[in-house]
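Since the structure comes first, as C-alpha cells, the remarks are kept for the end.
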Amino acid sequence: MRVATRSFYIGIQERILKLSEDLKRLNEKISSGKNLSRPSDDPLSLIGSLGLRVSLSQIQQYQRNLDRGESWLNLSESVLSEILQIVERAQELAIQMASDTQTSQTRNYTAIEVGHLLDQAISLGNTRLGSIYIFSGYKTDTPPFEKINNGEIETARYNGDNHDFRIVIGKDETLTVGKNGKKVLLDSHIFDSLGNLKKALEMNNRSEIAEAIEQLKEVQDYLNNEISDIGGRANRLEGRKEVLGQLEFDIQERLSTFEDADYTKVIIDLRQKEIIYQAVLLSSNRIAALTILDYMR
C-alpha cells in the first residue's frame, strides 16, 4: 500500500515543526537555566514546585517578622539600659544629698537635676521604632507616657493599653517583642520614685530622701529583670532565625531539583535534536527534488 504524496509531505512538515519546537524549548532552558518554562514542560514537577514556593513564601514572611522583632527587642533593651542609667544617677544624687553636710540650697539645685532625669525617663518611654511607639501596646500611634502632677508629686501617666505586641514566627507560634509600657515602666514605679525624690529634695527632708534611695533600688532591680527578660526573648528569636534559615536552604535545594535545568543533559539533548533536525531537512529536500521520472526508473 502506497502512502499518498500529500500525506507524506504533511507528515514531514509536522515532524519538522515538532523538532523546531523541541529545539526552541531546549534553547529556552539553556538561556534561562530553568527546567520549567511552562506548565506543559513537566506538570508533576510544577505541582511540587508550587507547593514548595508556598512554603518558602511563608518562611520568608516569618523571617521578615523576626527581623522586625529583632529591631524592636534591640531598641527596647537599649532604652531600658539608658533608663537604668538614669536611675543609677538618681541613686547617686540621693545618697549624696542624704548626708547631713548638705544644705537646703544644694538639695534644691539637685532637685532641678532630678526633674530633668524624670523628663528624660518619660522621653525614653516614648521611644519610637519608625512611626511606632514601642511601649504603647496595640496603641502604637499614641505616645504612651505623659508628664503630670498628681497633686503631690511630678510623675507620668500611661496612655497606652495593656496588650503586649507579638509577632508570628511560625505556624501557631508567636513571640512577644514589645511589652506594654505599664508592665515595663509604670509598674516599676520609676516615675513616682523620681517624683518622690524631687519633692524630698525640695522639702529638704532627709528621711524622705533616704526612703527614695530604697525605692530607686527596687526600681533598679525591676528594670534589670526586664532587661534580662528581653535577653531571653532575643535568644529565642535568634534560635528561630537559625531554624528558618536552614528550612529556607533545604527548600531552595529541593526547588532546584524541580526547576533548575541540568545543563549537561540539556546540551546533549540539544545536540541530538539538531542532528535529527538537519537529517529531516536534508531528507525532505532530497524527496522534494525527485520527479516522476525518478520514480519510473
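Does THR110 count as surrounded by fewer than 16 Cβ atoms within 10 Å (Cβ to Cβ), over 30 Å from GLY245 (Cα atoms) and hydroxyl-bearing (Ser, Thr, Tyr)? Steps first, answer last, please.
Numbers: surrounded by fewer than 16 Cβ atoms within 10 Å (Cβ to Cβ): no; over 30 Å from GLY245 (Cα atoms): yes; hydroxyl-bearing (Ser, Thr, Tyr): yes.
Answer is no for this residue.
Taking segment 120-143 as the region of interest, how many residues are in contact with a Leu (Cβ under 8 Å, 6 or more places away or on another chain) and either of a type outside the set (A, V, I, L, M) or under 20 Å from ARG68 (Cα atoms) (or both)?
Qualifying residue count for the region: 5.
Can you find even one residue in segment 159-174 that is out of contact with any His (no Cβ under 6 Å at 6 or more places or on another chain) and within 25 Å of HIS116 (Cα to Cα)?
Looking only at segment 159-174, we keep the residues that are out of contact with any His (no Cβ under 6 Å at 6 or more places or on another chain), and these are 159-174.
Okay, now just the ones that are also within 25 Å of HIS116 (Cα to Cα), so 159-160.
Scanning segment 159-174 turns up at least one residue that is out of contact with any His (no Cβ under 6 Å at 6 or more places or on another chain) and within 25 Å of HIS116 (Cα to Cα).
GLU211 - would you say it is in contact with a Lys or Arg (Cβ under 8 Å, 6 or more places away or on another chain) and among the charged types (D, E, K, R)? Before the answer, list the steps.
Working: in contact with a Lys or Arg (Cβ under 8 Å, 6 or more places away or on another chain): no; among the charged types (D, E, K, R): yes.
It is false that GLU211 is in contact with a Lys or Arg (Cβ under 8 Å, 6 or more places away or on another chain) and among the charged types (D, E, K, R).
Laboratory data are not the source of any read-out in this text; all were calculated from the coordinates shown. Note that the coordinates shown come from a computational prediction; the quantities given were computed from them, not determined experimentally. Here the Cβ is made from the backbone with ideal geometry for all residues, glycine too, and neighbour counts use every protein chain on show.
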